[in-house]
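These notes concern the structure reproduced below.
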Amino acid sequence: MAPPVSNMTDATQTGPVLSADGTPLKRSLQKALFRQKMRALALIAPLLIFVLVTFILPIGDMLFRSVENQIVSATIPRTVVALETWDADSGESPGEEVYAAFYWDMAEAVEAKTHTRLGGRLNYEMTGLSSLFRKTGRGVSDIGEFYMDQLADLNDEWEEGAFLADALGAESWVSAATDAAANDVTAPAFVLRDGVADALPLTAHIYSRFAAQTLAEKDSPLEEDPWEAVYTALYQDLISNPNAASAVSPAAANLFTDAAAAVPNFENIGFKEQFIDIDKDWDDPEAWQTIQAYSSAYTAGYFLAAMDLMNTPDGIARVDEDERIYIRLFGRTIFMSLLITGTCILLGYPIAYLLSNLKVRHANLLMILVLLPFWTSLLVRTSAWKVLLQQQGVINDLLVWVGLVADDSRLQLINNQLGTVIAMTHILLPFMILPLFSVMKTIPPSYVRAAKSLGATNWTAFWRVYFPQSVPGIGAGSILVFILAIGYYITPELVGGTSGVFISNRIAYHISTSLNWGLAAALGAMLLVLVLALYWIYDKMVGIDNVKLG
Amino acid sequence: MSLDSSADDFVVFDHVQKSYDGEVLVVKDLNLNIAKGEFVTMLGPSGSGKTTCLMMLAGFEVATHGDIRLGGKSINNIPPHKRGIGMVFQNYALFPHMTVGENLAFPLEVRGMNKSEREAKVKRALEMVQMGDFAGRRPAQLSGGQQQRIALARALVFDAELVLMDEPLGALDKQLREHMQYEIKHIHDNLGITVVYVTHDQSEALTMSDRVAVFNDGVIKQLAPPDDLYERPENAFVAQFIGENNKLLGTITGREGDIVSVDVEGGMTSKALAVNCGGVGEKTMLSIRPERVTLNSDGPNGTEALVKELIYLGDHIRCRMTVSGHDDFIVKVPNAAGHQHLVVGERTKVSWQTEDCRALDA
């Protein structure tokens, strides 16, 4: 047996330990453990997938919304590009080219009906933009109509969808679309006539968009009236390229030649003037500043708003005093959650102590009483507190009857912070008692006895020996209660009034009422970070290893 | 040691009774005097009331009736922390959140002792149990034996005159337990403290104690020094509980002074020492220690025996045989040079001296 032994000693001294067949021991071990690991993975896989799909991914998506801002660059891309060169600090509204870009963007957005959503988004940053975009959406078609009418004055044909389709579409497409119309089926995808894109670039682009959308709605461009913006584009293209008629279909060439000759004499109003005509707010640099400031695909705007800050041309500034609500709400949420945690400790500790020291039969009965709140609906319990706490409620009636409180000065116990603290302490108390109980149950009575036999009074024995050992239970209960409290929603909503609501109520408001999901997501993300930060601090101070749930 | 002398009545149980539920007495009329410096062990099966007695002495249980006196003063109404009794618990009860040093300093701290004095005493106590280097450790970092030493040091550090030990060695392995028995005994001898020790392990009781109180069913069956207890049990329970015992049931047929003649069930007759038996015609139990039985010799009380089973134990061979119809009769055959080898199924003769055979209550 001597040689193998010496081999092994050599191996441990010079290199990795080898298993019997010469492979490194570590690799053999990994191989041996692989199946075990796979088995464990397979066992958790269903839950993992479930949580991932229904929980982690939606939360991730929600959190992504707190910085996502692609709606601006997606809806008005040309404007965003044009605004890049505009100096927001100039104090003047941008030049004509920005308004032109804005016109084309809006023309498409109005037809796609996305301009109201953009207005809604920008309204979070500057009040009034929502209605401005709505109003502008209605006014944009007037601009196109202005040119359409002038073209129609030359020849009524210009107003016909079929005429423009025939003029701009490829011959093969026109005949296919005509056949389709005759057979009452949807026409094939629109194809531009060769050369049109070069001769009439604006028209080609906007008409292609029109055709695509019309086809998407199962209508034929041959029958539908073109967008008004197509005429604006035609006017612009004919001004810059009088020979465009050569590119269109032979049948339409005459009309195009006539139009090209006539357009220089058309009445023309600049885009800027037209927009200011729609609403004079477009002359105000502030609206443009807002668009410019929030034109990037990702924004910190929601987070700034969640911290009562805003993006101004002069940098980040605090919002007006009377609009600062979120920091105060966060502060209140933390303070009240701590208060609730504290009252839960004060009320729960003696109960847990009693529970862990009673005979099993009595302890079970008491445990049922502790768990009773768990078995009734949260809504029912909270509503019960409304009945108990209101000014004409049971508690006030009792106090008046006893004579502690005058009938005309009944206590305000609900719809304020007190109501929230009372109701939430009651609801969260079991979450404090159960971990405390399970920790206390594991503290043998011999410790206190030992302390007493060593000369400690009842209090010293409790404080120096029993209490330190129950701290893990307090820690576990506190974390549980605090984290539950900080995100609580229903109870503050029902009994908190205005002064007793939590940050989660505000998040719910933005999710379901104001529909500002970005802000809701930012607030939620901040709440999440806050909880994680507190958890971290707790870990540093108490040590998460000291937390025991049983 | 004379129990009448009041100087020897350091701890006194005076007609103490204890009931938990008002229906059953766990301790029935207990009278026990313990002299200063004595090592008394309460020995008995579980549920015999020995731990209850210890807890009453420590103050964690209140006697339902009777008086417990310590140093001449009744301590019935003194709370445990004022009794000044050191105690070693079954699972040591070392405070897990304190270091060894803090554990030992705890009783001194609550007595308001200043820091330097405390440190000196802790150091001395730790050295006494040979744990001088462990003051900074946590109890969880110590082995069972080390924890046991610390628990002992903690019970001694505040100079208690009376130290109670509640099965302190129960959680240790056999070898360590035996080692600790000697150590506790030496500490007791060196410090001159009074120890009341509770155990269900009879060998522990026999090795360590000055006197052993054998408990059964709330009553002290016998209170005697270890050798008396083993060699001169006064009743069937003690004979059976302490050490190995051969019992032969029979009826008394005659009496001559201290000697009775007994007709053993199964046919044989034997003379025996009348210790705790009735008169002629009454049932009795004969108790003979296995090592007092001789093989193959014609003693005064002899009979045929059939070897049923042999167990080799190194220093001796344990031989189970059938004697007078009792098939659990044990004989210890020393593994001496040239001893005779028994064979299972072999018929042999057993005999014993009359004074080694005690007639006890049936």
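Residues in the range A:479-491 that are of a type outside the set (A, V, I, L, M, F, W, C) and either buried (at least 23 other Cβ atoms within 10 Å of the Cβ) or farther than 24 Å from A:TYR535 by Cβ (or both) were compared, and the one that is farthest from the other protein chains (Cβ to nearest Cβ) is A:THR491. Of the residues making up the range A:451-462, just one is among the hydroxyl-bearing types (Ser, Thr, Tyr) and not in a helix (DSSP H, G or I), namely A:THR457.
Of the residues A:ALA187, A:ALA197, A:ALA204, A:ALA252, which single one is closer than 26 Å to A:PHE271 by Cα, of a type in the set (A, V, I, L, M) and surrounded by 17 or more Cβ atoms within 10 Å (Cβ to Cβ)?
From the options A:ALA187, A:ALA197, A:ALA204, A:ALA252, the qualifying one is A:ALA204.
Here the range A:451-462 is the region considered, the condition is being polar (S, T, N, Q) and within 7 Å of chain B (Cβ to nearest Cβ), and the residue that is nearest to B:MET56 (Cα to Cα) is A:SER453. Restricting to the range A:208-238, count the residues that are over 16 Å from A:VAL110 (Cβ atoms), at pLDDT 85 or above, under 40 Å from the mean Cα position of the chain (by Cα) and not small (Gly, Ala, Ser). Qualifying residue count, the range A:208-238: 1.
Residues that are charged (D, E, K, R) and outside any helix (DSSP H, G or I) within the range B:229-256 comprise B:ARG232, B:GLU234, B:GLU244, B:LYS247, B:ARG255, B:GLU256, listed in sequence order. Can you confirm whether the range B:310-327 contains a residue that is exposed (fewer than 14 other Cβ atoms within 10 Å of the Cβ) and within 16 Å of B:ILE259 (Cβ to Cβ)? No, the conditions are met nowhere in the range B:310-327.
Report whether or not B:SER297 is modelled with pLDDT under 90 and either over 11 Å from B:GLY250 (Cβ atoms) or of a type in the set (Asp, Glu) (or both). It is true that B:SER297 is modelled with pLDDT under 90 and either over 11 Å from B:GLY250 (Cβ atoms) or of a type in the set (Asp, Glu) (or both).
Scanning the range B:45-83 for residues that are on the phi > 0 side of the Ramachandran plot and at pLDDT 90 or above yields B:GLY59, B:GLY66.
In the set (1) in contact with a Leu (Cβ under 9 Å, 6 or more places away or on another chain); (2) under 24 Å from A:ILE474 (Cβ atoms), the condition left unmet by A:LEU372 is number (1). Of the residues making up the range A:174-195, just one is closer than 23 Å to A:ALA112 by Cβ and assigned to a helix (DSSP H, G or I), namely A:ALA177.
Of all residues in the range A:118-129, at least one satisfies being without any contact (Cβ under 8 Å) to a residue 40 or more places away in the chain, outside the structural domain of A:ALA211 (by TED's automatic domain parsing) and in a helix (DSSP H, G or I).
Considering only residues of the range B:81-104 that are in a helix (DSSP H, G or I) and surrounded by fewer than 23 Cβ atoms within 10 Å (Cβ to Cβ), which is farthest from the other protein chains (Cβ to nearest Cβ)? So, considering only residues that are in a helix (DSSP H, G or I) and surrounded by fewer than 23 Cβ atoms within 10 Å (Cβ to Cβ), the one farthest from the other protein chains (Cβ to nearest Cβ) is B:GLY101. Residue check, A:ASP283 against (1) assigned by TED's automatic domain parsing to the domain that holds A:GLY161; (2) closer than 20 Å to A:ASP142 by Cα, all met but one. Which one? (1) is the only condition that A:ASP283 fails. Every condition in (1) away from chain B (no Cβ under 13 Å); (2) touching a residue at least 40 places away in the same chain (Cβ under 8 Å); (3) more than 49 Å from the chain's Cα centre (by Cα) holds for A:LEU404 except the one numbered (2). In the range B:22-45, the residues that are within 22 Å of B:PHE237 (Cβ to Cβ) and outside the structural domain of B:VAL212 (by TED's automatic domain parsing) never reach a residue that is in a strand (DSSP E or B) and hydroxyl-bearing (Ser, Thr, Tyr) with C-beta atoms less than 7 angstrom apart, at least six apart or across chains. Condition check for B:ASP21 on (1) more than 22 Å from the chain's Cα centre (by Cα); (2) away from chain A (no Cβ under 11 Å); (3) surrounded by 18 or more Cβ atoms within 10 Å (Cβ to Cβ): one failure, at (3).
Check A:VAL448, A:VAL439, A:VAL465 and return the single one that is within 14 Å of chain B (Cβ to nearest Cβ), in a helix (DSSP H, G or I), under 16 Å from B:HIS97 (Cβ atoms) and touching a residue at least 40 places away in the same chain (Cβ under 8 Å). Sole residue among the options that is within 14 Å of chain B (Cβ to nearest Cβ), in a helix (DSSP H, G or I), under 16 Å from B:HIS97 (Cβ atoms) and touching a residue at least 40 places away in the same chain (Cβ under 8 Å): A:VAL439. For the subset of the range B:165-198 comprising residues that are of a type in the set (A, V, I, L, M, F, W, C) and over 21 Å from B:VAL122 (Cβ atoms), which member is farthest from the other protein chains (Cβ to nearest Cβ)? Here the residue is B:LEU176. Across the range B:56-79, not a single residue is classified as over 22 Å from B:TYR20 (Cα atoms), assigned to a helix (DSSP H, G or I) and either within 13 Å of chain A (Cβ to nearest Cβ) or in contact (Cβ under 8 Å) with a residue 12 or more places away in the chain (or both).
Conditions tested, residue by residue: (1) at pLDDT 90 or above; (2) acidic (Asp, Glu); (3) surrounded by fewer than 19 Cβ atoms within 10 Å (Cβ to Cβ); (4) more than 23 Å from B:GLU102 (Cβ to Cβ).
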position	(1), (2), (3), (4)
B:GLY144	no, no, yes, no
B:GLN147	yes, no, no, no
B:ALA151	yes, no, no, no
B:ALA155	yes, no, no, no
B:VAL163	yes, no, no, no
B:GLY170	no, no, yes, yes
B:LEU176	no, no, yes, yes
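The values are calculated or read from the model by the stated rules, or taken from the named source; none is laboratory data. Computed from a predicted structure; not experimentally measured. So basically every Cβ, Gly included, is an ideal-geometry build from the backbone, and we count neighbours across all protein chains shown.
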